[in-house]
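What follows is a single structure, written as C-alpha cells, with notes after it.
The numbers here are math on the coordinates, done by the rules we state, and not lab data. In this text the structure is predicted, and so the values were computed from the model without any measurement. Virtual Cβ from ideal backbone geometry, glycine too; neighbours counted across all protein chains shown.
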Ligand SMILES: [Zn+2]
C-alpha cells in the first residue's frame, strides 16, 4: 500500500499483494469502492505519525504486507503497526509524538457519546460529519449528517467538526467506516492543534466487553478494537492519543439514563435519518433505542411499528442479536411487552429484573483501563451516579456467551 496526503486528500494505491476485499478488525468482510477520500478542516502540519494512523484507519483492511507513507514515521509507530498487523511500515525517521494533556470526546450525539461527555464536562468535542464523495454515488441519501452536526453545535462545547467522505471508500456492506476507528481520523489529524493525549469514545460494555455489534457474542477482555493492550489501543498510544472509553463499563441502559439526565439531553439524537424536528421512530436503531428507553423509564413501548411490520421479523428469529443483553433487559422490564412486536422474542429468554440487574452497574475493570490522567474522574462519577458491580455481577460479565 502506498499512501499520500495533500490538503486533506488521502490517496492510496494498492500493491500487488493487496486486495480490494478485506476484513475489518472485527472480522467483518468489507469491499473497497474507491482509493481516495478527503478529510477537511484539518491542519497540514500535523505530526507524521498522526497522518499515518489516520490513513491506517481507512486502508488497514486492504493492506497485506507493507505500507509506504509519503513522509517518514517514527520507529515507535512502525513497531506498533508491525506488532499488531504484521505489516512493514516506512519510511522510518521521525521522532515519536508525545501525548498531549487534553481529552476530547469523539462526539456523535447518540446516547452513548452524550453519556461519555457528561463524565467530562470540560472536554472538547470532535464531530465526524459525512459529506458526499465526488466520484461515488450516494446510496444512502436519507442519512441526515447535517442534523447531527447542528445538534453537536448546540451543545455549547468547544467543537471541531470534521467533514469527510471517507465512508464512501467502502463499496460493501454500505457507506461506512472501513475500520471503526476511521471515525477518529479527523480527531487524530487535529491532535496537535487540540493538544490531545486521549480520545474518548462512547463504546459501552456491549462493544468493549461482551463482543456485541458485528462480532462474536462472548466475553472479550482482549478486544482488538478497544482494549488498551489490543492492536488499535497500542497503535493509538504510540501516537500519543490514548483510546479512552469513559462508559466502557456500563450498559446502554445506563448510558441512556445518564444521557437523558445530562445537560445535553436536548441534543441527544441516535436516529441517523430523522429530520430536524425529531427522530424517525421507525428505523431499526430508533426501535432498539426505544426498547432501552422504555425499560429505563419503566413505561410501555411507544412505537408505531406492529408485529406485522417487516422490521418485526428479526424478533421472531432465535438469538443471538446485536445488543442482546439490552434485549433481555427490555423484555424483563417493559410493562406489556408481550403485546408488542417483541412478543416472539420472549420465547427465547427467561429474563427477569434480577437476572438483568448487572446491566445497571459499572464493571470495575473498565475503569482500571482508563489512562491515569482521566481515571479518577470516571471512577468517582461511576461510583456516585451508577454504582459498581458486585462480585456476582462481575461474574455475569465474565461468563457472557459461555452459557448461551
Ligand atoms: Zn430512526
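Descriptive notes on the structure:
- Region 197-249 and region 63-110: distance between their alpha carbon centers, rounded to Å: 17 Å
- Note on residue 306 and residue 347: with the Förster distance fixed at 25 Å, the Cβ-Cβ geometry gives a FRET efficiency of about 0.85.
- With the convex hull drawn over the C-alpha atoms of the chain, the volume per residue is 132 Å³.
- Across the chain, C-alpha contacts under 8 Å between residues 6 or more apart give a mean separation that, scaled by the residue count, equals a relative contact order of 16 percent.
- Degrees, to the nearest 10: 252-261 long Cα axis against longest axis of the chain: 90 degrees
- Length-normalised contact order of region 259-352 in % [C-alpha pairs under 8 Å, at least 6 apart]: 24 percent
- Multiplying the residue separation of residue 277 and residue 2 by 0.36 nm and removing their Cα-Cα distance gives an extension gain of 94.6 nm.
- Choice from 158, 61, 178 with maximal GNM fluctuation in the chain (Cα, 10 Å cutoff): 158
- Rounded to 10°, Cα long-axis angle of helix 372-385 versus longest principal axis of the chain: 10 degrees
- Between helix 48-59 and the chain: long-axis angle, C-alpha atoms, 0 to 90°, nearest 10: 60 degrees
- Cα gyration tensor shape of region 1-158, rounded if a/c is under 1.5, else prolate or oblate by comparing a/b with b/c: oblate
- Segment residue 83-residue 263, length gained on full extension (0.36 nm per residue, minus Cα span): 60.6 nm
- Length gained on full extension, residue 26 to residue 375: 123.0 nm, using 0.36 nm per residue less the C-alpha separation.
- In the chain, helices alone account for a calculated mean residue ellipticity at 222 nm of -8500 deg cm²/dmol, with every DSSP H run of four or more residues adding -39,500 (n - 2.57).
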